[in-house]
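One structure below.
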């Protein structure tokens, strides 16, 4: 659980620190992630919808188009925000199954989904409006702590 929480905080921290590429990383909060993932618009996000949405964002993160997300995708950002480099390394290491320093789409697709797991408080693999509101509050709190 500690590892999953660290992964989520790291990803949120990178998105916050990497302002010039916020659109690439998806700077939107957790609640917006759920809105984006609700592919059928029924107000409920299933685990599969969330996973599909996360996988679709891979292309945005793979800024150099080499099929993997690594430090190479964030060179300019890291030049101006070097403190984000360690957070990026830590985030990648959490999901990088073969430990080669980059994250492939397959590795991302098999990586834990801590944001979804925390939001799905009743464990039914579905996040409803009430759970989404609680997830947004949690994300806002994590961001506030990261800014301190």
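Where a number appears in this text, it was derived from the coordinates with a stated rule and is not lab data. Everything numeric in this text was worked out from a predicted model, so none of it was measured. Cβ: placed from backbone, ideal geometry, glycine included. Neighbour counts: every protein chain shown.
Between residue 113 and residue 60, what is the FRET efficiency for a Förster distance of 25 Å, r being their Cβ-Cβ separation, to the nearest 0.05? The calculated FRET efficiency here is 0.90. For 88, 142, the sequence from fewest to most other C-beta atoms within 10 Å is 142, 88. Decide, for the stretch 31-137, between rounded, prolate and oblate: order the square roots of the alpha carbon gyration tensor eigenvalues as a ≥ b ≥ c, take rounded if a/c falls under 1.5, and otherwise choose prolate if a/b is larger than b/c, else oblate. Prolate shape, in that a/c is at least 1.5 and a/b is the bigger ratio.
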